[in-house]
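I have placed the structure first, in the form of C-alpha cells, so that the comments after it can refer back to it.
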Amino acid sequence: MPDIPFAMIAALCLAALAAGWIDAVVGGGGLLLLPVLLLGLPAGTPAAYALGTNKAVAIVGTSGAAVTYARRTRVDVRTAVRIGLAALAGSSAGAFFAAGMSTEVLKPLIMVVLLVVAAFVILRPAFGTAPAPGPAGRRRVLAAIALAGLGIGFYDGLVGPGTGTFLVLALTAVLHLDLVTASATAKIVNCCTNAGALATFAWQGTVLWQLAALMAVFNLAGGTLGARTALKKGSGFVRVVLLTVVFALVANLAYEQWAG
C-alpha cells in the first residue's frame, strides 16, 4: 500500500461509509468514492489504481446491501441476475469502444437526459411509489434486459458515473417496480458488473488490496445501513435521495465538462 497519511486514510474510510449508504439507497456512490480516491492517493499514482481499488471496495458494500434487501423484501433474483449478466456483456462492449470515443461529446447529452428524468420524477409524484399488481411479463423482462442490462451496461463501460441511479430509474419504469424494490434489484445487477470489472483490474494488478480491504469494511457498513434505511423509510424517502443524486450527478458532469 502506498504511503498515505493517517488523516487521509480516515477521510477515505468515511467517504467509503457515506458512498455505501448512498449507493444502497439509490445508486451513485461512486460519484463520491472515486473522486476522493483520486485525490487521496499519492501524486503520480496512475488513475487505474483508483479505479481498481474503487471496484474492490464497492463490490463489498453492494453485496452487503443486496443481501440485506434480499432478506427483507421480495426480489426476483432470477430476473436480476439475467439483467446483470447482460450488463456485464454491455459494460465489456462499452469499455472496448471507450478508447476510440470522446466522452466529452456524451456528457452534455447525459446531462440533458438526467434533467429530463428529474423533471419527470418531480412532475409524477406517484412514480415508483407503488409496485405493479403482478409479476412482469416476458416482454417487460426482455425490455429490462435490453435497456437496464445491455444499454446501461454499455454506458457503464463507456462513461460510468451514475450507473446505479440509471439502473434504478430503468427498472422502475420498465418493470413497474416501486423504488425500494428497484434499488434492491439494481444491487444484484451491480454485483455482476462490479465482479467483471474487478476481475479485469485484478488481472492488470491495479488494485491496492490493503487499502481496499480497510475501506471495504466501512463501505459494507454503509451499504447495509443504507439498505435498512430505504426499507424502513420507503419509496418516498428513496425518491428524495434519487432527485438529490441526479442533481449532484448533473453538477459533477457539468464541472468536468466546463471547469475540470
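The values are calculated or read from the model by the stated rules, or taken from the named source; none is laboratory data. Source: prediction; values computed, not measured. Note: areas computed on protein heavy atoms with side chains; ligands, DNA, RNA excluded. Shrake-Rupley method; radii C 1.70, N 1.55, O 1.52, S 1.80 Å.
A few points about this structure:
- The percentage of C-alpha pairs in the stretch 1-105 whose separation is greater than 25 Å is 34%.
- In the chain, the longest principal axis of the Cα atoms and the axis of helix 179-204 are about 30 degrees apart.
- The angle separating the long axis of helix 209-233 from the principal Cα axis of greatest extent in the chain is about 20 degrees.
- Direction-averaged projected area, Cα convex hull, the stretch 173-260: 7.9 nm², rounded to one decimal.
- Degrees, to the nearest 10: 235-258 long Cα axis against longest axis of the chain: 50
- Relative contact order (percent, whole number), the chain, Cα cutoff 8 Å, 6+ residue spacing: 40
- Of all accessible heavy-atom area on the stretch 16-70, the percent that carbon and sulfur account for (1.4 Å): 76
- Accessible area per residue, Å², the chain with all protein chains present, probe 1.4 Å: 47
- In the chain, the calculated helix contribution to ellipticity at 222 nm averages -26500 deg cm²/dmol per residue, counting -39,500 (n - 2.57) for every DSSP H run with n ≥ 4.
- Normalised per residue, the volume of the convex hull around the Cα set of the chain (Å³): 119
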